[in-house]
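Down below is the structure, laid out as structure tokens.
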Amino acid sequence: MRLLALLAGCLLLLAASCRTRAMDASSGAAPRQVTPAPTSAYEVPGPVPAPLSDTLERSTQTLEVRSVRLPPRLLPELALLHHATDPIEIRLYLPRHTEAGPRPLVLMSPILGSKDLLLGSFARAFAHRGWITAVVERKELAFDPDVAIEQAEDELRLLVIRSRQALDWLLTRPDVDPQRLATCGVSAGAIVSAMVGGADTRFTGHVWILAGGPLADVMTDTSEGRFRRYGEALRARHGWTPEQIRDRLRAVIKTDPVLLAPHVPTQNVLLMLARRDTSVPSRQGWTLHEALGRPSLRLLPFGHYLSFALLPYILGETTGFLAQRFAGPTRA
């Protein structure tokens with residue numbers, strides 16, 4: 001018990017350290033002009049289709065969890081991607097025993113390699129506030145050296161399009177408040193959320209945890225094994241150096257957190273970075289922070305995975321920031 005108390009005390013001190021390093025966009029930063037989001041690149045004309053299925057997964061005292069499958073609306077130039085025609089899958093966390101009427105919605109994306117890690121904790125924290133959580137599933141990256149590297153942009157663009165179509169359907173639900181929408185994500189989920197947030201003006205708040213960009217730099221510099229192995233396979237297959245891989249990715253990727261950052265109002269964002277991150281390298285986190293106009297920041301003292309030990313602090317800061325955004329002006 002003494003050891004647990006000591007660990008708890010250490011976590012509290014670390015959380016306090018994070019807070020003392022908090023930076024806010026209002027603390028002397030010059031106002032930044034926000035440019036219109038390039039929504040036309042991520043829109044598909046046509047009515048919002050009805051779900052293919054809407055299934056109750058489980059129900060607890062606090063949450064009802066539903067699995068929804070939507071038919072995608074396709075762009076001809078992306079229709080040949082191997083999963084373009086797959087249904088859009090949404091896991092919907094609906095808070096129970098809350099007041100009737102439209103409620104805030106938080107759109108999330110899973111971390112790389114897991115559909116469930118951490119998402120339940122966020123959904124429960126949001127449900128405590130009476131908010132709906134919608135997790136848009138995504139297909140895992142293929143990391144195939146025989147697939148043209150230039151296809152990376154098509155894959156990223158399709159990912160954003162499918163997330164936006166999920167939001168289109170969610171907004172047809174009477175329990176979703178269209179004036180109180182947010183994105184949230186951790187690691188790869190935060191990078192996806194940042195791209196969606198930069199391509200869609202409907203959101204009023206964002207919390208991106210352990211995000212960074214540009215993607216060409218993240219993919220080239222990361223310590224994550226699957227990306228390292230992909231780089232090695234590209235070098236073996238094509239003879240490219242890491243810098244040549246970086247340059248090729250830079251040349252084709254336009255759907256990128258840093259490139260889309262000018263379309264996101266600075267005051268709408270809370271960014272959390274880890275000081276010793278090598279998975280989404282810290283320097284790329286700072287690059288995103290600058291591109292966003294230096295939004296509110298929480299600087300975590302650990303590396304990428306060890307930062308999850310601060311989950312209670314992260315959840316508290318996330319819900320506190322989004323509550324302020326939901327209570328404030330509906331549009332920047």
Residue by residue through segment 119-132, which ³J(HN,Hα) values in whole Hz follow from phi under the Karplus form 6.51 cos²θ - 1.76 cosθ + 1.60 (θ = phi - 60°), with glycine and proline marked x?
5, x, 5, 5, 4, 5, 5, 6, 4, 4, 8, x, 9, 8
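Roughly speaking, to the nearest percent, how much of segment 110-212's 1.4 Å accessible area is carbon and sulfur? Let's see the in-between values first.
Values: 1650 of 3200 Å².
Roughly 52 percent, rounded to a whole number.
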Would you pull out the residues with amide H under 5 Å of Ala211's amide H, same chain only if 5 or more places away, H placed 1.01 Å from N?
Ser187, Met272
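Based on the mean of other Cβ atoms within 10 Å per residue, sort peptides 189-200, 265-276, 314-325 so the most packed one is first.
Details: 189-200: 27.2, 265-276: 21.9, 314-325: 18.8.
Ranked from most to least packed, the peptides come out as 189-200, 265-276, 314-325.
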Solvent-accessible area, 1.4 Å probe, carbon plus sulfur percent, for segment 252-332:
58 percent
Excluding ligands, DNA and RNA, the carbon-plus-sulfur percentage of the accessible area of segment 31-86 with a 1.4 Å probe reads 57 percent
Note the full-extension length gain between Val48 and Lys254 as 0.36 nm times their separation in residues minus their Cα-Cα distance, in nm to one decimal.
71.5 nm
If R₀ is 22 angstrom, what is the calculated FRET efficiency for the pair Gln33 and Thr201, using the beta carbon separation as r and rounding to 0.05?
0.90
At most 13 other Cβ atoms within 10 Å and a DSSP loop assignment: could you name the GluC sites (Glu not before Pro) in segment 48-143 that fit?
Glu99, Glu140
For every helix of n ≥ 4 consecutive DSSP H residues, a contribution of -39,500 (n - 2.57) applies; sum these over the chain, divide by its total residues, and give [θ] at 222 nm rounded to the nearest 500 deg cm²/dmol.
-11500 deg cm²/dmol
Could you state the accessible area per residue of segment 41-93 in Å², with a 1.4 Å probe and every protein chain left in place?
55 Å²
Read phi for every residue in segment 236-241 and hand back ³J(HN,Hα) as whole Hz from Karplus 6.51 cos²θ - 1.76 cosθ + 1.60, θ = phi - 60°, with x for Gly and Pro.
5, 7, 10, x, 7, 7
HN-Hα J couplings of segment 148-163 from phi, Karplus 6.51/-1.76/1.60, θ = phi - 60°, integer Hz, Gly and Pro as x?
4, 4, 5, 6, 4, 5, 4, 5, 5, 4, 4, 4, 5, 4, 5, 5
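What is the Å³ per residue value for the convex hull set by the Cα atoms of segment 229-313?
Numbers: hull volume 9.8 nm³, N = 85.
Dividing the Cα hull volume of segment 229-313 by its residue count gives 115 Å³.
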Kindly provide the chymotrypsin sites (Phe, Trp or Tyr not before Pro) of segment 99-165 that DSSP labels as loop, not H, G, I, E or B, and whose Cβ sees at most 16 other Cβ atoms within 10 Å.
Phe143
Tally the DSSP beta bridges in the chain and give the antiparallel ones as a percent, rounded to 5.
45 percent
Give me the distance in nm between label points sitting 7 Å out from Cα along the Cα-to-Cβ direction at Glu99 and Glu290, one decimal.
4.5 nm
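State the extension gain, in nm to one decimal, for the chain segment bounded by Asp86 and Arg129, taking 0.36 nm per residue of separation less the distance between their alpha-carbons. Intermediate results must be reported in sequence, preceding the final value.
Numbers: separation 43, 0.36 × 43 = 15.48 nm, distance 3.31 nm.
Full extension of this stretch gives 12.2 nm more.
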Ala41 paired with Arg276, simple spin-label distance in nm, labels 7 Å along Cα-to-beta-carbon:
3.7 nm
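The values are calculated or read from the model by the stated rules, or taken from the named source; none is laboratory data. As the structure is a computational prediction, the values presented were derived from the model and not from experiment. Cβ atoms come from the backbone with ideal geometry, glycine included; neighbour counts cover every protein chain shown. The accessibility values were calculated without ligands, DNA or RNA, using every heavy atom of the protein model including side chains. Shrake-Rupley method; radii C 1.70, N 1.55, O 1.52, S 1.80 Å.
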